[in-house]
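Chemist: Starting off with a structure, shown below.
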């Protein structure tokens, strides 16, 4: 446990898997070591880049344990939970906290649509199941619900709900959130949003799948913004943007895993029915990684 | 195991749950007994009315075991499987088959979008993991994928993929399916479609959540259609329609569970974050159940 | 003017256009003559197949005049109006009525979203601007509004709002409309719905773009259904279905115009930015037209 | 005509209308005078705030004439054209240019969906119908098409297609546009996007409905950003944001018109079926206008 506010670059760790779907523990530990040495400010196992919705409980448990152990309290670990039912999410949150994480990222995949009252009740119950800080997560593209600003206002009253990661890519909504909630909830940018903008309106960091393959570039963007050199940060953001475009087009986990394999980390393929990157995608990704300096050119 | 073709009314069983989320086994056995005595032609535990995406593995296992035991081979049991990952779905299918079911209903909740190739690979793998007949399921409202007609054509080549339940409510697509695939795949109507129409274009039955509360009325519609008395069937369909409208508006599991409670089956509430029927919804439902003769007036 | 209830097959007339976008009057008159001789029960110029949203006022006026004159009171003419503003729609309706039509088809293209109150006020104003029967039209795919059942209930109180053509393809909604409104509003099937089903639940006819190229087949389906030979009607519906699929895939006006050209009516191409049928689409269409007997094989 | 590059604040002028739907010319001239005195950098009649899709040709023509005359070459006038058909749009563009405008804003409302090839052909034809600079406009919420980055790349080759106003609110897409097209096309922010961000990535200005009621505040945001005082600009953006939220919620033309009426400009109500601001909306708007200093407090 690392007791302080979360900020900066938190790579969404991929979940290294064998063909049979088993966790590859050593590649995970190596990746954690590598990212910490590169200077990341925290680690987020079991986000959507980490394929959390597709993994069974035991794989998720080991994923967190190995990450916590390898991080060795050098940086905070904020681990995802991912359950459709409220009782399941409460139990998963409580069990995850006991594994020694510094915070929970609360993801709720869904089936039937949910209204505000149901959404608030779910995340409030999850928050009360743990003592550690909770980061709310939403990605309306892949869910049948979303946070309204009103729902967030209610949830921000829970003392340990402290962060929000909104993956909608809807900056108008982010503006509404910061102007309504001020600093009662801290924003993390996500992969599909534009971190440059999130930093400019007060965001504290960036939880990002691509940061696994471009940790230094991600840190540079964050630091430049933090120092108020905004035009320079905009130039960095533009330079990195083609990577984002590729990652969105070719599927996130597949791209991050393929990029890490190119960098020498044998993290394997995504769990089916997710697909592996095809040859055309690999070539496009390789070129982009060279262009941003993430592979030797 | 009951070895013959599935046809007729297959109620989607609710999953009776205590407040703590445990399976209430006796109410389930009683409901099964009741429905068989009313004349239903089969039973489908663990569909979406059965809240399958929200249940843990052990609850799902017991749900199937109790249903199979209570049905006692009088009617076929087609049990749902519900896993986002292909390896998980294969394992769940194989384990479910061993519990003595007559068929599998293959549901795939989802997170990231999937293309045809991924969808075909998933369901083909599931079909090959079992020997029993497989019913494909799709509900594009709650998923990030759907079957194309081309994907169905490929899947229909698997010998044990024999049925399709398409909950899109899109009859144009059903027309395209029957005109393209003929009888290589048999159609079951679902709750949100119009069974009258599905029967008219050759559908073999109706898997339906509401059939738990209106088994006789559902059977009457099916039999009238089967005997070619189409105008009469249309009149029955119209009479039952307000029930469908209410069930769609107020959430399916909540309505079926509330209706069964009114009929004396203590099946409890849906698993949160799903919501219970509110008082206004209960009143509306009660009136409709009286109107269709499912509650004494 | 032909004063009686509308029923049966009403082809949506294409608008024959020169390359410069001028109305080709003789081909239109010839098409009208041809369709009446084939036995259609009415004619609908200026529906969406007629490219109404793309035409200027003068072209629309001539389109109606030529149709009315060529029809010569042998069958009713129900002409579309198509204006985004309420004052514009009222004026267009009144002017169209003066051209001697038997009814108005009220189409409302849209830009900003509209709520029920706005939708009701618009169509009520249009209905009150004329004395003739009004057919309401909705196609939610191409609009930013749709009729709720409540809005239709209010509108059905206007004495001359007598018909509805719902192009949503959503038969569940059609069921809700007929069970709520009974015969206070009469249903016409549209191209993308399944007329077989609309007839079975009480629909009075079929307004259809494809009926321009398959008038006899459309009439046969209608008559078979009207005589209660439902399985036979279902077989006809299935036989015709590939035509519908092609028309949806390749764009409606382009297909109907290309099909008519193949049948010897020089109706030209759709108005840009709509596209002409490409060679692959032409070949697919030609084959389908031969298969249903609409071209010599 | 004012021959230089467009940049800065271009209010989307409302179209002042009598109850009968006639243009109120004097209030328009007064509003133009007022906005120029406040320092706006240009004027945009007949955008969507100007209700262009709802107006007839004669009203649109007078709207442009009065604006051009009142502006008297002190600031550039970029007038909207708004036609669904390509021939109609070409004619409208050519006629508009002859009225003495400095540029065209090319809006394309739509009915049937369009692909890239159709979109490119339409806007290329419009551009070639005039000699003046063309600003491309897209608002995918209200259309059945959108610009792909590839389509924009093709269109940017037309020498007089020089600006883009993308009202999607999708900043990820804006990033893709600027990183792909560089300065071959210049970006204007729109009302629903976040101008702060558009300025930071190189945008040249802001075409905005709300700028009619908050011209000084809009100019202050633009100037602060232009001078590189980004944190200060972010604070201004946050302060103005509630206005945007209200305008989105209560409908754009209705809000701008109501706000101008509060400021003493008798611009009337929006054209039906658009609705007027209701009393609750008026109160909310009035409070917000006081808070940002646009009404005396």
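The numbers here are math on the coordinates, done by the rules we state, and not lab data. Keep in mind that what you see is a predicted model, and the values were worked out from it rather than measured. Glycine also receives a Cβ, built like all others from the backbone with ideal geometry; neighbour counts cover every protein chain displayed.
Chemist: Would you mind ranking D:82, D:132 by Cβ crowding within 10 Å, fewest neighbours first?
Modeler: Listing D:82, D:132 from fewest to most nearby Cβ atoms yields D:132, D:82.
Chemist: Compute a Gaussian network model of chain A, connecting alpha carbons closer than 10 Å, and tell me which residue from A:104, A:214, A:36 fluctuates the most.
Modeler: Fluctuation is largest for A:36.
Chemist: Continuing with this model, one more query. Report the rotationally averaged projected area of segment D:175-280 based on its alpha-carbon convex hull, in square nanometres.
Modeler: 7.9
Chemist: Rg and Dmax of segment A:199-255, using alpha carbons, in Å: what are they?
Modeler: In order Rg, Dmax, the Cα atoms of segment A:199-255 give 11.7, 34 Å.
Chemist: Given the Cα-Cα distance of residue B:239 and residue B:287 and 0.36 nm per residue of separation, how much length would full extension add, in nm?
Modeler: Length gained, residue B:239 through residue B:287: 15.9 nm.
Chemist: Looking at the protein assembly as shown only, what percent of DSSP beta bridges run antiparallel? Nearest 5 please.
Modeler: If we restrict to bridges inside the protein assembly as shown, about 5 percent are antiparallel.
Chemist: Right, something else. Specify whether the C-alpha gyration tensor of segment A:1-114 places it in the rounded, prolate or oblate class, a ≥ b ≥ c being the square roots of the eigenvalues: rounded for a/c under 1.5, otherwise prolate if a/b is larger than b/c and oblate if not.
Modeler: oblate
Chemist: Something else: At 7 angstrom along the Cα-to-beta-carbon line, where would the label on residue C:157 sit relative to the other copies? Give the distances in nm, shortest first.
Modeler: Inter-copy label distances (nm, one decimal, shortest first): 4.1, 5.9, 6.0.
Chemist: Under 10 Å, Cα contacts only: if you run a Gaussian network model on chain B, which one of B:11, B:109, B:76 comes out with the highest mean-square fluctuation?
Modeler: Comparing B:11, B:109, B:76 in the GNM, the peak value goes to B:109.
Chemist: Limiting things to C-alpha atoms, what are the Rg and the maximum Cα-Cα separation (Dmax) for the protein assembly as shown, in angstroms?
Modeler: 31.1, 90
Chemist: When a/c is below 1.5 the answer is rounded, else prolate if a/b is larger than b/c, else oblate, so apply that to segment A:232-290 with a ≥ b ≥ c taken from the square roots of the Cα gyration tensor eigenvalues.
Modeler: prolate
Chemist: Give the nm distances, rounded to one decimal, from residue D:18 to the matching residue in every other copy, measuring between label points 7 Å along Cα toward the beta carbon; shortest first.
Modeler: Distances to the matching label points in the other copies: 3.9, 7.7, 8.4 nm.
Chemist: Quick one: compute a quarter of the convex hull surface over the Cα atoms of segment A:45-90 and quote it in nm².
Modeler: Orientation-averaged projected area of the Cα hull: 3.4 nm².
Chemist: Still on this structure, I have one more. Taking each pair of different alpha-carbon atoms in segment B:111-205 once, compute 1/r for the pair, average those values, and report the inverse of that mean as the Kirkwood hydrodynamic radius in Å to one decimal.
Modeler: For segment B:111-205, inverting the mean 1/r across all distinct Cα pairs yields 13.4 Å.
Chemist: Here is a further query. If I build a Gaussian network model for chain B, linking alpha-carbon pairs within less than 10 angstrom, which residue out of B:146, B:102, B:30 has the largest mean-square fluctuation?
Modeler: Looking only at B:146, B:102, B:30, the biggest GNM fluctuation is shown by B:30.
Chemist: Only counting other Cβ atoms within 10 Å, I'd like D:108, A:63 sorted with the fewest neighbours first.
Modeler: Least crowded to most crowded, the residues run D:108, A:63.
Chemist: One decimal, nm, shortest first: give the distances between the label point of residue D:57 and those of the same position in the other copies, each label point 7 Å from Cα along Cα→Cβ.
Modeler: 0.9, 7.1, 7.2
Chemist: Does segment B:119-161 classify as rounded, prolate or oblate by the C-alpha gyration tensor (a ≥ b ≥ c root eigenvalues; a/c under 1.5 gives rounded; else a/b over b/c gives prolate, otherwise oblate)?
Modeler: It is prolate, given that a/c is not under 1.5 and a/b is the larger ratio.
Chemist: Please work out the FRET efficiency for the pair residue B:148 and residue A:128, using the Cβ-Cβ distance as r and a Förster radius of 56 Å; give the result to the nearest 0.05.
Modeler: Calculated transfer efficiency: 0.80.
Chemist: Follow-up. From the C-alpha coordinates alone, can you work out the Kirkwood hydrodynamic radius of segment A:8-226, in Å?
Modeler: With all distinct Cα pairs of segment A:8-226 included, I get 17.2 Å.
Chemist: Okay, moving on. First measure r as the distance between the Cβ atoms of residue C:183 and residue D:94, then evaluate 1/(1 + (r/R0)^6) with R0 = 60 Å and state the FRET efficiency to the nearest 0.05.
Modeler: That gives a FRET efficiency of 0.70.
Chemist: Based on the Cβ-Cβ distance of residue B:73 and residue B:22, what FRET efficiency does E = 1/(1 + (r/R0)^6) give at R0 = 35 Å, to the nearest 0.05?
Modeler: My answer for the efficiency is 0.85.
Chemist: Going by C-beta contacts inside 10 Å, put B:230, A:145 in order with the fewest on the left.
Modeler: Least crowded to most crowded, the residues run A:145, B:230.
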